[in-house]
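Following: one structure in structure tokens, then a few remarks.
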Amino acid sequence: MSEHRYLVALGSNQRSSRYGAPRAVIAAAVDGIGELGTVEAISPLIETPPVGPSSRRYVNGALLLASDHAPRELLAGLQEVEARLGRERRGQRWRSRTIDLDIILWNGGSVSDVALQIPHPLFRERDFVLGPAVSVAPNWRDPVTALTVKQLYARLTRNRPAYR
């Protein structure tokens with residue numbers, strides 16, 4: 001039985017010459033993540049406007065992963081998956097990218113160092129993360145606020161339409 005469970009956010013807004021459109025890139029990423037543990041649930045994918053200077057719309061989703069990997073080991077594994085899918089870690093923040101994989105929450109609580117922060121520092125402000133996360137982990141609690149993912153999403157989107 002896997003010791004760790006993770007909520008992982010998925011995002012893509014750039015075609016891959018090998019895999020094709022962003023939805024296909026995310027499908028390939030899910031396959032790669034499956035090599036790191038057991039994918040227990042995958043959210044529906046949504047299209048969202050970009051954050052920052054990118055002009056391309058994103059495809060976003062989330063998944064639950066059970067894994068024997070500790071957080072830093074999982075981060076290294078996710079970065080290997082990103083590299084295999086064509087992610088280049090250089091240049092401007094929030095630019096177009098083939099794939100972006102982020103650890104959002106971990107059933108072990110919090111981690112905070114230079115290379116890794118769990119919970120992800122901005123996830124509470126991002127409906128493109130919380131929206132998909134609600135479908136796979138509605139009752140997971142943020143260790144900082146003690147609110148569930150469902151409560152965080154409701155607070156964030158109050159009086160705003162959800163993405164479709």
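The values are calculated or read from the model by the stated rules, or taken from the named source; none is laboratory data. None of the values given here were measured: they were computed from a predicted structure. Please note: Cβ atoms are built from the backbone with ideal geometry, for glycine as well, and neighbour counts cover all protein chains shown.
What about Ser2, is it more than 20 Å from Arg97 (Cβ to Cβ), at pLDDT below 95 and not acidic (Asp, Glu)? So Ser2 fits the description; yes.
If you scan the stretch 38-68, which residues turn out to be closer than 19 Å to Val136 by Cβ and assigned to a loop (DSSP other than H, G, I, E, B)?
If the condition is that a residue be closer than 19 Å to Val136 by Cβ and assigned to a loop (DSSP other than H, G, I, E, B), then Ser43, Pro44, Leu45 are the ones that fit.
Is it the case that the stretch 124-132 has a residue that's assigned to a loop (DSSP other than H, G, I, E, B) and over 19 Å from Glu47 (Cα atoms)?
No: the stretch 124-132 contains no residue that is assigned to a loop (DSSP other than H, G, I, E, B) and over 19 Å from Glu47 (Cα atoms).
Would you say Gln117 is over 22 Å from Ser43 (Cα atoms), touching a Pro at 6+ places or on another chain (Cβ under 9 Å) and modelled with pLDDT under 95? When the stated conditions are applied, Gln117 does not pass them. Evaluation of Arg15 against the conditions (1) at pLDDT below 95; (2) closer than 20 Å to Arg126 by Cβ shows that the sole unmet condition is (2).
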